[in-house]
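A.B. asks: One structure, as structure tokens, below. Some questions next.
Bear in mind these aren't lab numbers, they're just calculated from the coordinates by the rules spelled out. Because the structure is a prediction, the values reported are computed rather than measured. In this analysis, Cβ positions are derived from the backbone assuming ideal geometry, glycine residues included, and neighbour counts consider all displayed protein chains.
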Amino acid sequence: MSSVIDNIERAQLRRVPAFEAGDRVRVHFQVVEGNRRRTQVFEGIVIKRQGSGLRETFTARKQSFGVGVERTFPLHSPKIEQIEVAARGDVRRAKLYYLRDRVGRGARVRERRFGRGDRDVVDPSLDATLEAASADGEGVMPPPETDVVEEVAEDPRAEVVAAEEAEEAEQEAGAASADDPESEAPRDA
């Protein structure tokens, strides 16, 4: 009976990049608000990974406006569209709970130097499992197809930059129409 369950679970595993506690990851996941579905990005330091197989989870932590925010994600969830490893951390622990008590610069993790090839490494233990699943005739689930309405980056400066660019475009359009006398409407003085 357990082999049937294992086969079903193996078919639902997804390819994920290799990362561990201390690494800074960017997680793109789906958020459903009413009848809208959008992609939200959470960037933080992985403070723990636990479990194995389909039930494996990881917790990422970030500081947002001086408040610590932690979020736990199921690693093979179809709601997760993409996981990017932004930086590799140099830590000596598997669980980084001590970061919860630290603020500001004390909450930083040293970055490990890595080459360009390290970024796209896939977890080697998962490769054998994925090959076994495809050999059984049970394919690995493809990434979910989504109707991405908008991508939200949790950086408040992005809105300010977009507003400034729109304002500059308006000014340029206004300057161009001021230079062209035919485009102006006749004025009554």
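A.B. asks: Sort 80, 8 by Cβ crowding within 10 Å, fewest neighbours at the top.
C.D. replies: So the ranking, lowest neighbour count to highest, is 8, 80.
A.B. asks: Quick check on the exposure proxy: order 23, 101 from fewest to most C-beta atoms within 10 angstrom.
C.D. replies: By the 10 Å Cβ count, ascending: 101, 23.
A.B. asks: Follow-up. 5 Å is the cut-off here: which amide hydrogens, built 1.01 Å from N in the peptide plane, fall below it relative to residue 23, excluding neighbours closer than 5 in sequence?
C.D. replies: HN-HN under 5 Å from residue 23: 46, 89.
A.B. asks: Could you go through region 29-39 in sequence order and give the Karplus-derived ³J(HN,Hα) for each residue, using 6.51 cos²θ - 1.76 cosθ + 1.60 with θ = phi - 60°, rounded to whole Hz, and x for Gly and Pro?
C.D. replies: Couplings: 9, 7, 10, 9, 10, x, 9, 9, 10, 9, 9 Hz.
A.B. asks: Under 1.5 on a/c is rounded, so check that first for region 1-97, then, if it is not, pick prolate when a/b is larger than b/c and oblate when it is not; a ≥ b ≥ c are the square roots of the alpha carbon gyration tensor eigenvalues. Each step should come with its number before you reach the end.
C.D. replies: Working: a/c = 2.21, a/b = 1.24, b/c = 1.78.
It is oblate, given that a/c is not under 1.5 and a/b is not larger than b/c.
A.B. asks: To continue, here is another question. Check which residues have an amide H placed less than 5 Å from residue 111's amide H, if you skip close sequence neighbours.
C.D. replies: Sorted by chain and number, the residues that satisfy this are 90.
A.B. asks: Hey, what do the phi angles of region 105-112 turn into as Karplus ³J(HN,Hα) couplings, whole Hz, using 6.51/-1.76/1.60 and θ = phi - 60°, x for Gly and Pro?
C.D. replies: Once θ is set to phi - 60°, the couplings for region 105-112 become 5, x, 8, 7, 10, 4, 8, 8 Hz.
A.B. asks: Another question, if that's okay. Counting pairs of Cα atoms in region 45-106, how many percent are more than 19 Å apart?
C.D. replies: Percentage above 19 Å: 36.
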